1. Which one of the conditions (1) assigned to a helix (DSSP H, G or I); (2) more than 16 Å from E285 (Cα to Cα); (3) at pLDDT 95 or above does S152 fail to meet, given that it meets all the rest?
2. Kindly provide the set of residues from segment 1-17 that are surrounded by 14 or more Cβ atoms within 10 Å (Cβ to Cβ) and either within 16 Å of the chain's Cα centre (by Cα) or aliphatic (A, V, I, L, M) (or both), ordered by number.
3. Give E104, E87 a once-over and let me know the one that is over 18 Å from the mean Cα position of the chain (by Cα), in contact (Cβ under 8 Å) with a residue 24 or more places away in the chain and closer than 17 Å to R380 by Cα.
4. For residues that are surrounded by fewer than 20 Cβ atoms within 10 Å (Cβ to Cβ) and in contact (Cβ under 8 Å) with a residue 60 or more places away in the chain, scanning just segment 168-182, find the one that is nearest to the chain's Cα centre (by Cα).
5. Quick one: which strands (runs of 3 or more DSSP E) sit completely within segment 396-506 and have at least 3 residues that are touching a residue at least 12 places away in the same chain (Cβ under 8 Å) and assigned by TED's automatic domain parsing to the domain that holds L341?
6. Only one of L149, L145, L96 is surrounded by 15 or more Cβ atoms within 10 Å (Cβ to Cβ), under 30 Å from K295 (Cα atoms) and among the aliphatic types (A, V, I, L, M). Can you tell me which?
7. Please determine whether any residue of segment 516-528 is closer than 30 Å to K403 by Cα and either assigned to a loop (DSSP other than H, G, I, E, B) or of a type in the set (F, W, Y) (or both).
8. Can you name the residue in segment 287-316 that is out of contact with any helix residue (DSSP H, G or I) (no Cβ under 7 Å at 6 or more places or on another chain) and of a type in the set (S, T, Y) and is also modelled with the lowest pLDDT among such residues?
Amino acid sequence: MKLKQLRKRLSNNFGKPSKLKYQPEDMESIKEYLDFRKTKKLDPFLVDDITANDLQLDQVFQKINMGLSTSGEQVLYYLLKRPCETELEHQERASLIELMNTNEKLRVDLSVLLAKLGRNRKAKVCRTFNAGKRNPLYLIAYMALAFGLIGSIATLFIAFSQTGVFATLFFVIANSMIREWRKRGMYTDFETVNYSVSMVVTAHRIRKINDPKLQAMLNPLDESFKALKSMKRVGGVSLSAGNGIAEVLSNYLLIDLITYEILKNTIGQNSQHIFKLHEFLGRIEASIAIASFQKQVENYCVPVIDYGATTKPFIESEVLCHPLLKDCVPNSFKTEKAIILTGSNASGKSTFLKTIALNQLLAQTICTTLAKSYSASSFRIYSSMAISDDLLAGESYYISEIKSLKRVLMASELDKRILCVIDEVLRGTNTIERIAASTQILKALNKEMVLPIAATHDLELCNLLSSEFEAFHFQEEVDENEMHFDYKLREGAATSRNAIKLLKLMGFKQDIVDAADQTAGDYLITGKWNKPN
């Protein structure tokens, strides 16, 4: 694609939904940078897999990702799981996003360079971060074979002899066979090496862009540019398979294998510099993608996050929406106190929990919330919502639940502010034990540095926790034909018993509905279950 056409396409695509398609193996590739950092324990906190699954973070990533380069999508995925821990870090992320929003020429220039770098999910670039010094024997052997062929051919021209003919044939056949043998199964590594070279070239091109803010980001990379300068001169490994002159030279003089060994050795000795360039390029593209996402949504704001160490946990938002719902009903929300949510199934409790937790996460990761205004404390975010039986591990639903809750309780013991959202506490066990255990777990979570928000069907919890938890609810209306939800948050505990009314809507006999309603009413008055007649 010509440069002018590429610039126009990238400019037009900004602020529009991504059209990228994903295969399951693509996400595994995209997660490689995050997995590397996890293995090396480079971050003070990362959102865990349970919370990421509850909040559908993969879908959020796919909504934001532009996929210009491997570095861009890997780093964006990592940033979505890495809330800023300090005010300075948050300001730096927000400032870079704002730069991409306000400087169109710079944004397009950078987008063009990143698009040329390209997205190659076959490249295992994170492997280069653990590379070591390369064994020189391969390089020595390849060069000996190449010079052997050159020498034998030169001998033929100087003094034609039978020995020279045999020597030339030997090196032609041996070099060709060795090349094919060595390249078999190495294509992925060739892709990785070539992507590393392309990162160096792209970073050098970005370095030539005259922008003060960009140059400030590049200054710490001076040492990396010097260390990797030779990679730019050597170039990449040829992957051609044609019959041109370049392919003939590679086939018999092993130029691609020699180039590969030189580059691998450079990468092995400078793995930390490859790491820095990967992250630098990724952060640039991630900021462009986030700026594009901000332009896509109708209602967003840059949040105000309080990183004060001693301030009480709080959230305050106006017109808050879920980023994955097209027709989301907004709710305003303000609290400095633990919250318990009630309401019937499908009334909006679970969606609201996800809306709060996800917006808080986006506030601290991509400096963006889907709200008219948003201010909150900084939190480490945990959820316990979409629990499923771990059949392979032989665990029941209840065991999975208590393990999920235990990790939240353990996190709450650290001297860090915690936001935890819990949907239907201990739904996997009987009513009496569920209410008793849920009460104590929620009380244990209600600490000075923790803001718990829990949803439940058990109205008894509202009474048992009334002195510590503030009650909110969602309600619905049931007429003769259907149930209507408005998805609006209201103060206080739910008072309706529409689950029984639903029996009638679904065609149950009236005597069953009346008896169920009578039994429930008697229990609410006496606190005891009466035996049915």
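1. (3)
2. Matches in segment 1-17: L6, L10.
3. None of the others qualify; the one that does is E87.
4. Applying the filter and picking the extreme gives R182.
5. By residue number, 418-423, 450-455, 469-473.
6. Testing whether each residue is surrounded by 15 or more Cβ atoms within 10 Å (Cβ to Cβ), under 30 Å from K295 (Cα atoms) and among the aliphatic types (A, V, I, L, M) leaves just L96.
7. Among the residues of segment 516-528, not one is closer than 30 Å to K403 by Cα and either assigned to a loop (DSSP other than H, G, I, E, B) or of a type in the set (F, W, Y) (or both), which makes the answer no.
8. T310
The values are calculated or read from the model by the stated rules, or taken from the named source; none is laboratory data. Since the structure is predicted, the reported quantities are computational estimates derived from the model, not experimental observations. Here Cβ is always computed from backbone atoms with ideal geometry, including for glycine, and neighbour counts include all displayed protein chains.
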